[in-house]
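All remarks here apply to the structure that follows.
The values are calculated or read from the model by the stated rules, or taken from the named source; none is laboratory data. Keep in mind it's a predicted model, so treat the numbers as computed, not measured. Quick reminder, even Gly has a Cβ in these numbers, built from the backbone with ideal geometry, and neighbours come from all protein chains shown. These accessible areas exclude ligands, DNA and RNA; they are computed on the full protein's heavy atoms, side chains included. Shrake-Rupley method; radii C 1.70, N 1.55, O 1.52, S 1.80 Å.
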Amino acid sequence: MAKTQKQNERLTRVGSGTPMGELLRRYWHPVSVAAELDENPVRRIRHLGEDLTLFRSKTGTHGLVGDVCPHRCASLEYGIPDARGLRCMYHGWLFDEAGTCVEQPFDDRVNPTARFRDKVKIKAYPVEELGGLLFAYLGPLPAPLLPRWDLMVRDDLLRAVDIHPIPCNWLQCMDNSLDPIHFEFLHAGFGNYQLERQGRPPGMKAARHVKIDFDVFEYGITKHRLLEGEPETADEWAIGHPILFPATLAIGNEGNAGLHFRVPVDDTHTIQYTYSTTARTAAMAPRPMTYAYEILFDEDGKLIRPVDRILQQDIVAWVAQGPISPRTEEHLSAGDTGVILYHKLLNENMDRVARGEDPLGTIRDARANDPMIVIRRGRERLGAFEVREELRPAIWSTTKAS
Amino acid sequence: MAKTQKQNERLTRVGSGTPMGELLRRYWHPVSVAAELDENPVRRIRHLGEDLTLFRSKTGTHGLVGDVCPHRCASLEYGIPDARGLRCMYHGWLFDEAGTCVEQPFDDRVNPTARFRDKVKIKAYPVEELGGLLFAYLGPLPAPLLPRWDLMVRDDLLRAVDIHPIPCNWLQCMDNSLDPIHFEFLHAGFGNYQLERQGRPPGMKAARHVKIDFDVFEYGITKHRLLEGEPETADEWAIGHPILFPATLAIGNEGNAGLHFRVPVDDTHTIQYTYSTTARTAAMAPRPMTYAYEILFDEDGKLIRPVDRILQQDIVAWVAQGPISPRTEEHLSAGDTGVILYHKLLNENMDRVARGEDPLGTIRDARANDPMIVIRRGRERLGAFEVREELRPAIWSTTKAS
Amino acid sequence: MAKTQKQNERLTRVGSGTPMGELLRRYWHPVSVAAELDENPVRRIRHLGEDLTLFRSKTGTHGLVGDVCPHRCASLEYGIPDARGLRCMYHGWLFDEAGTCVEQPFDDRVNPTARFRDKVKIKAYPVEELGGLLFAYLGPLPAPLLPRWDLMVRDDLLRAVDIHPIPCNWLQCMDNSLDPIHFEFLHAGFGNYQLERQGRPPGMKAARHVKIDFDVFEYGITKHRLLEGEPETADEWAIGHPILFPATLAIGNEGNAGLHFRVPVDDTHTIQYTYSTTARTAAMAPRPMTYAYEILFDEDGKLIRPVDRILQQDIVAWVAQGPISPRTEEHLSAGDTGVILYHKLLNENMDRVARGEDPLGTIRDARANDPMIVIRRGRERLGAFEVREELRPAIWSTTKAS
């Protein structure tokens, strides 16, 4: 049954004060690759519908504050990093990472006893660095612990991040991850059609799903698929893949694992931090995490690249549903049980937050988090689709570089 | 007398359910050059304010359907052509050219008796190919016959089509065709001024109109002009040029004739299919119709090309009237009798449609259409303007190539 | 105390009929460099929220008229200059510089006695040329005299104009000129930080203001600043710099003086005509005024150039306050006394206009204006900041060229 407009808005809107906005504000989300601040230590960002200024101070600490100086409303995106925080470019008012105004140069000099600076304060949110990403928490304090997912912590991995700006609502990205069936057409059918239009033979067999299943566990939902011709002992069925609640997909297998963080920018824009790892053998030196932006659509929403890779095909499907998918018009059917379960879980957890409770997956006990949270992974990767050997790197890669 | 805002809206709005939208839906309009589907067999188009997907199936038939799959609302612009119609890229739901869902791969497999596919249907409109163009009909069925204008059918012609996207309402294009007087200034005056700014001598004499006249005939309006120094036997007066109701200009003379189809994209955008022919002598081999896009304005509405040609000058005048000409501010005068007659005819035919009658020029009898509808043309071309010999090809050409 | 939304709108909105729009319409503002019409004698401009057509007739006179021909509403930006005014491109209706329709070619020929042309008239405003700029006056007639500021009239100067399109409300530019304190951070602090990011040493000392003061005089406000370590006889304190009411900054010192005309395009766009002069010695030949556009922001509001110069830093601060600075959120403090005085003066003069009186600085007596109005200037330039010798030309230049 299609949703009402109100039900769709409840599931999709991310602004402060909305039910989903409040749920999402109970979790840490990546808001930048840490290395992005090497080039310019002050970045204007938009996150959960809020315009904010992310900065690295002169001592290397990070802050996330409002975007406007309360003096004469100049944007802090042009702020000057200081040892104690960030200064407004215009008259040098200085704010620390808690948003406190700690200096007003002219007023402090001509009128030091008035302490006008105590009258102004700006919005400020905690920031933590982990695994090369900067995570922010916009909810009520005390903040829960930043989850130490294994891939963010392990030192036996090589890392790369692709940053994918996506011009649509975040929920479309997530629905896709709860929907194993789409592989048959979006990747096999549409992928083969892309090759056909280039005059090339099909890249994979059109395998069919026999059944799909989903379990809720302490950090989210595990999805399972059984493909034609595979035994029930196959990893994709027996182990499955987790979706980390509320908005992260754990992807890949041992030796080739990733986390896809879907970060709502606002109601109609999302950034995916596509965090990819490969095993680093003892013989290999560690190397710094690399990062790159990959833009698939121009400003008019027109696709500007070929979409040979699985990930790109997924992104096209998300965006093809429009800025916010009009779920009032949709017809969920037999393959959408995962989507239905996920929406139910979102609704239940919005209710929990409304009652003042911690939602699913909140971590407040360091013993559950240290040294890391290990995600169980299988060894296989949709073998029934029989991806052609020479196409595998091209099709499976999640990063622009490869 | 200026129009009221309501009168102007009645004449200009093209959406479904508006009086003009309903009138325009009683006619076939070109929506693509057929050859455009060679490169990509699926095109997203906008026509009469509706977002649609035009496609060529694997068997070469054409369909025009809604833009969104009713399953999860993915755009069909990324659809996969099939022998039986068009498949959604996401989960492979298949729709035929009548909009019927004929396959839902996963549901058909796991729940074949439920026939969930009978519960969904998408919008679909008939498409016909003629003379290298694809025409669509968006009105109530049964559709009238697609008019077989001589230039679309004759095999003794060489054909070229220019596609002109025009960022304004369609009626401005038509008003221009009902207004012979503008030639004096838009083409002679403004055209000569363009040359003057390039340091070149005038291209044509500033001939004057002695009188103008208009007749309604079974397919539209014929316009007549008598220029200073010409006899009443001159073709421009004695024969005239037809405007094929509601939105096509028949242009040129024997051996150099064209049809300018003005196709409303939405209230503020039009595409002109500028269909040009030249006589093919017995000695010349037939050759495929060529086509090209010609863009005159950038996204800010700024003119980005010189406008040396008659057709380009016309387009500039249309766009110069704004997205929808504010006819509440206009002052029609002695030269606007054709415009007034045309608006009257539009109003009468909107009334006919409202009464459930066929409007002017509807063809339902094949005997009137087969093998073709011959348009009577003169041999002359505004000789009184004395276009300089060497400039004639440049000034008169309607195609980008020449 | 922060302003109310209503107070902020009263101070910022420039449209016809708004209090500030009416005040601004009591002054002449530059709307073009005269030489811009050499290339194309007809320019579409937007000024004080009105869309207008500026033209130079065939006899070299200038006119500023409405943007639309009242016949069929074609834009006059494509008009054809005539000896008697400007003709519409479409049917040749001719308007003189007073907006009177002096010819309707077809109507005049076929229906000469009807004099339909007497029924139409277009908006028209006076234009005057001075010092290489074209000034327009949009207020009630009789217009006051166009002020003959010394720099516009003197023949012992070399002139250059930079045209700075600025995507924000005009008042932000002016507030900046009434606020000497910003020099400490926007220029010394932020400027030095720009150099630091390029790996270069600071360009100037971070001098501090001891006190600031402001006087109202017959043409506006004079601002005074006393810097640490300077005597009260220093020119910056003893003479100061004038802001010519309502929207012009007189800048520089003897031998290097300029006028920065801030011209409201509409509520959220401004053009600064940055008029710069240098002394021309007897040995130097006069040379024509040069002009250039300098664009600092792209269409998304992103800064696209380094901002090494004082003027560029100022512009960044203006734009950083947003399209219209949200003064409901601001916290004016000890350094903002000039801004407060200026807003008070604006409010008083809006009241004067509402009472039918001439506002501050209106000149109606030619004896006050002829041969010129001399502005008293000092010889120094913020010496306490000790700008590094080799950086001075780069930092102080107001023109793109240097």
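Dipole orientation for the protein assembly as shown: of the candidates B:M289, C:N8, C:C173, C:N8 has the Cα lying most toward the positive pole (charges on Cβ; Lys, Arg +1; Asp, Glu -1).
Peptides C:115-121, A:164-170 ranked from most to least packed by the mean count of surrounding Cβ atoms within 10 Å: A:164-170, C:115-121. Suppose R0 equals 45 Å; then what is the FRET efficiency for C:Q7 and B:R200 from their Cβ-Cβ distance, rounded to the nearest 0.05? Computed FRET efficiency for C:Q7 and B:R200 comes out at 0.20. Expressed in Å, the radius of gyration and Dmax of the Cα atoms of chain C are 22.7, 82. Computed over the protein assembly as shown, the per-residue total of -39500 (n - 2.57) for DSSP H runs of n ≥ 4 gives a 222 nm mean residue ellipticity of -5500 deg cm²/dmol, rounded to 500.
Only the Cβ atoms of Lys and Arg (+1) and of Asp and Glu (-1) were treated as charged; on that basis the dipole of chain A about its Cα centre amounts to roughly 620 debye.
C:S16 to C:T278: extension gain in nm, 0.36 nm per residue of separation minus the Cα-Cα distance?
On the way: separation 262, 0.36 × 262 = 94.32 nm, distance 3.72 nm.
Here the answer is 90.6 nm.
The shape of region C:96-250 can be summarised by an equivalent ellipsoid whose semi-axes, obtained from the alpha carbon gyration tensor, come to 49, 20, 15 Å from longest to shortest. Listed values for region C:171-183 are Karplus-derived 3J(HN,Hα) couplings in whole Hz (6.51 cos²θ - 1.76 cosθ + 1.60, θ = phi - 60°), namely 5, 5, 5, 6, 3, 4, 6, 9, 9, x, 4, 4, 4, and x replaces Gly and Pro.
Beta-bridge orientation, chain C: approximately 95 percent antiparallel, per DSSP, counting only bridges with both partners inside. For a quick check of your reading of the filter: which trypsin sites (Lys or Arg not before Pro) in region A:17-106 sit in a DSSP loop and have no more than 15 other Cβ atoms within 10 Å? The qualifying sites are A:K58.
Of the whole protein surface, B:T59 contributes about 90 Å² of accessible area at a 1.4 Å probe radius. If R0 equals 25 Å, the separation of the Cβ atoms of C:D155 and C:T59 corresponds to a calculated FRET efficiency of about 0.45.
Simple spin-label estimate for B:R352 and A:A285 gives 8.4 nm between the two label positions (7 Å along the Cα-to-Cβ direction from each Cα). Mean-square fluctuation check for chain A, GNM, Cα pairs under 10 Å: which of A:A283, A:A384, A:A250 is largest? Checking each option, the largest mean-square fluctuation is seen for A:A283. Using a 7 Å projection from Cα along Cα-to-Cβ, the label point at B:Q198 is separated from the same position in the remaining copies by 4.4, 4.4 nm, smallest value first.
Across peptide B:111-118, the average count of Cβ atoms from other chains found within 10 Å of a residue's Cβ is 1.
What ranking, highest mean first, results for peptides B:12-18, A:137-143, C:195-201 when packing means the other Cβ atoms within 10 Å averaged over each residue? Don't skip to the answer; put the middle values down first.
Values: B:12-18: 17.7, A:137-143: 15.6, C:195-201: 11.1.
Highest to lowest by the protection proxy: B:12-18, A:137-143, C:195-201.
What number does region C:1-104 give for Rg over Rh if you use C-alpha atoms and the Kirkwood radius? Numbers along the way, then the final one.
Working: Rg = 16.6 Å, Rh = 15.1 Å.
That ratio equals 1.10.
Taking 4 °C and 1.567 mPa s as conditions, region A:327-377 diffuses translationally at an estimated 93 µm²/s according to Stokes-Einstein applied to its Kirkwood radius (Cα pairs). Taking Cβ atoms as reference points and 14 Å as the exclusive limit, the residues near B:T337 contribute a net charge of -1, counting Lys and Arg as +1 and Asp and Glu as -1. Quick check: Cα centre of region C:55-129 to Cα centre of region C:216-232, how many Å? What the calculation gives is 50 Å, centre to centre.
Of the three principal axes defined by the Cα atoms of region A:253-402, the extents in descending order read 52, 47, 34 Å.
Projecting the Cα atoms of B:T278, B:T337, B:P264 onto the charge dipole of region B:264-398, computed from C-beta unit charges around the Cα centre, puts B:T278 farthest toward the positive end. Taking a point 7 Å out from the Cα of A:E329 in the direction of its Cβ, none of the residues of region A:171-197 has a backbone N less than 12 Å from it.
Using θ = phi - 60° in the Karplus curve 6.51 cos²θ - 1.76 cosθ + 1.60, the 3J(HN,Hα) couplings for region C:61-72 round to 7, 10, x, 9, 10, x, 9, 9, 6, x, 5, 10 Hz; x is entered for Gly and Pro. Charged side chains reduced to their Cβ positions (Lys and Arg at +1, Asp and Glu at -1) give region B:312-376 a dipole of some 180 debye around its Cα centre. Placing +1 on each Lys and Arg Cβ and -1 on each Asp and Glu Cβ, with no other charges, gives region B:83-169 a dipole about its Cα centre of roughly 440 debye.
For region B:299-339, compute Rg over Rh where Rg is the Cα radius of gyration and Rh is the Kirkwood radius from the inverse mean 1/r over Cα pairs.
Numbers: Rg = 12.7 Å, Rh = 12.2 Å.
Here the Rg-to-Rh quotient is 1.04.
Other residues lying with their Cβ under 10 Å from the Cβ of C:W396 contribute a combined charge of +3, Lys and Arg counting +1, Asp and Glu -1. Only aspartates and glutamates eight or more places from C:K6 in sequence, or on another chain, were considered; those with a Cα closer than 17 Å are C:E22, C:D267, C:E329, C:E330, C:E348, C:D351.
Interface of A with B. Using a 1.4 Å probe and counting protein heavy atoms only, the two chains hide about 2600 Å² of accessible surface, both sides summed. Fully extending the segment from C:E380 to C:D38, taken as 0.36 nm per residue of separation minus the present Cα-Cα distance, adds 119.3 nm.
Give me a single rounded figure for B:179-187: the average over its residues of other chain Cβ atoms within 10 Å of their Cβ. Display every interim value, and only then the final one.
Numbers: counts 3, 1, 7, 7, 1, 6, 10, 7, 1.
Taking all residues of B:179-187 together, the mean is 5.
Throw me the Rg/Rh for the protein assembly as shown, computed over C-alpha atoms with Kirkwood Rh, two decimals.
On the way: Rg = 35.2 Å, Rh = 35.0 Å.
Rg/Rh for the protein assembly as shown comes to 1.01.
Just to confirm the filter: which trypsin sites (Lys or Arg not before Pro) across region C:224-302 are DSSP coil and have at most 14 other Cβ within 10 angstrom of their Cβ? Here the sparse-neighbourhood loop sites are C:K302.
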